[in-house]
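Report on one structure; see the data block that follows.
The values are calculated or read from the model by the stated rules, or taken from the named source; none is laboratory data. Computed from a prediction, not measured in an experiment: that's the story for all the values here. FYI the Cβ positions are ideal-geometry reconstructions off the backbone, even for glycines, and counts take in every protein chain you see. Just the protein is used for accessible areas: all its heavy atoms, side chains included, with ligands, DNA and RNA removed. Shrake-Rupley method; radii C 1.70, N 1.55, O 1.52, S 1.80 Å.
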Amino acid sequence: MKRREILSGLAAATALTACGNNQNNTTTQPSTEQFNWRMVTTWLPNFPGLGTGVNTLVRYIRELSQGRLNISVYGAGELVPAFEVFDTVAQGAVEMGHGAAYYWRGKTEATQFFATIPFGMTAHEMNAWMYYGDGLDLWHELYSEFNLIGFPAGNTGVQMGGWFNKEINSIDDLRGLKMRIPGIGGEVLRRAGGTPINLPQSEIYTALQTGSIDATEWVGPYNDLAAGLHDAAQYYYYPGWHEPGTTLECMINLDAWLSLPPDLRSIVMIACQAANLDMMSEFNARNANALSTLMNQEGIDVRPFPQEVMARLKSITNEVINELATEDERVEKVWNSYRAFQSEARSWQEVSEQAYMESTEE
Ligand code: CA
C-alpha cells in the first residue's frame, strides 16, 4: 500500500513538473499552505562539506518553494545523537534527516548499498544506478518498511585509504593493526588480521596521536587536513577501497512526505539532486587543493596501497558480502542489482573515463 502511494506521489510530482512547461496548462494553482519542518543530521553543525551541504539543501528547498517549505536543521547532538537520526525520522518525531545509509546497517545490512560498499561503485556509477538503474526504486522499497523515503543528497567521491604510522607493503602489515574503520571495511580488516575500531569524529585525532589506534580513515584531504590528522600520522594511503563513492542521504518520514502537495515533493526531489551535484563538486575542488597543501607544504608521504594488498582486500570483501547476502534476502536482492549494474558500468568506464585518464597521463 505504502509503496503504491509513494509511486503515485512521484508520478504526480513528475506530471506537475511536465505541466510547468506547457502553455495550455490547466492545473489548479499551487497550494499556499506553509510547512515548517525540522531536520536532524548525523553531522556536527556546519561541518565542512557535509554539514554545510545540508544547509545548501534546505536553502534550495526554501528558495524554490518561495518559503512554503521551511526546514530547521539540527546537527548531531543538538536534538538527538547522530546515530538516532533514522529512528527519530521513522517515528515522525521530526520530518527529515540527513546522514549516510550505511549507518543504519543494524536495521538491515542492505542499507549500506545506498551509501557505499568496499570495492563498490564510484559517485558517477552510483548516480547512474540511482537515477537510471534500479537503485532508487530498491532504496524506496527498503526504506518504506521503516516508514521512510530516501534520496541521494550529496557524495564525497572516492575517499582516501587513511592515515598510518607505518608502511603498508604487504597484507601482513595489516596484522595486529588497530584502525578506526567502520562498516564492511572494518570486517574486511578484521579478517585480514587487524582490529577495526569505530570512533566518532570527535575522538579520532586524539586516539591517533596518543597511539590508542595505529591508523584511521576519515574522508579525504579537505576534511582530514581540517581535522589535523597530518599532525598525528606520516603516511597517507590511497585509494579509499572501503568507500569509493559515498552517497549521502536525505530521508523523509513517509507520512510527512505524503502530506506535501505534489509540487513541493517535486521541489524536494530536485533540490536533493542539486545538492547531490553541489556537494560532489565542492569535494572535488577542495580535496584537490588540500591534497596539494598536504604534499607540498606539510611534507606528507602520499602513497598507493600495493596492488597485492588491494587484491587481497577485494577478495575478502566478496566473501563478506556474499555471506551477508545468504543471511538476509534484502541484501541478496539489492546486491544482485548492484553487482550487475557495477559490472556493466565498469566495462563502459574502462573505455571512457579510465581510458581517457590513462591515455592522457603526463
Ligand atoms: Ca570514511
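Dipole magnitude for the stretch 48-163: about 340 debye, using +1 per Lys or Arg Cβ and -1 per Asp or Glu Cβ, origin at the Cα centre. Note that the chain presents 45 Å² accessible area per residue, ligands and nucleic acids not counted, probe 1.4 Å.
Using alpha carbons only, how many degrees (0 to 90, rounded to 10) separate the axis of helix 307-327 from the longest principal axis of the chain? Approximately 50 degrees, to the nearest ten. Length gained on full extension, D87 to Q66, computed as 0.36 nm times the residue gap minus the Cα-Cα distance: 4.6 nm. Note on the chain: helix-only mean residue ellipticity at 222 nm, from DSSP H runs of 4+ residues weighted -39500 (n - 2.57) and normalised by residue number, equals -15000 deg cm²/dmol. When DSSP beta bridges are restricted to pairs lying wholly in the chain, around 45% turn out antiparallel. Output the 0 to 90 degree angle, nearest 10, between the alpha-carbon long axis of helix 2-19 and the longest principal axis computed from the alpha carbons of the chain. Taking the Cα atoms of the chain, the angle to 2-19 is about 70 degrees. Axis of helix 123-132 versus longest Cα principal axis of the chain: the two differ by about 30°, to the nearest ten degrees. The magnitude of the dipole of the chain, with charges of +1 and -1 set on the Cβ of Lys/Arg and Asp/Glu and taken from the Cα centre, is near 600 debye.
Protection proxy ranking, highest mean first, for peptides 349-355, 61-67: 61-67, 349-355, where packing is the per-residue count of other beta-carbon atoms within 10 Å, averaged.
Subtracting the Cα-Cα distance of S337 and K314 from their residue separation scaled by 0.36 nm leaves 6.4 nm.
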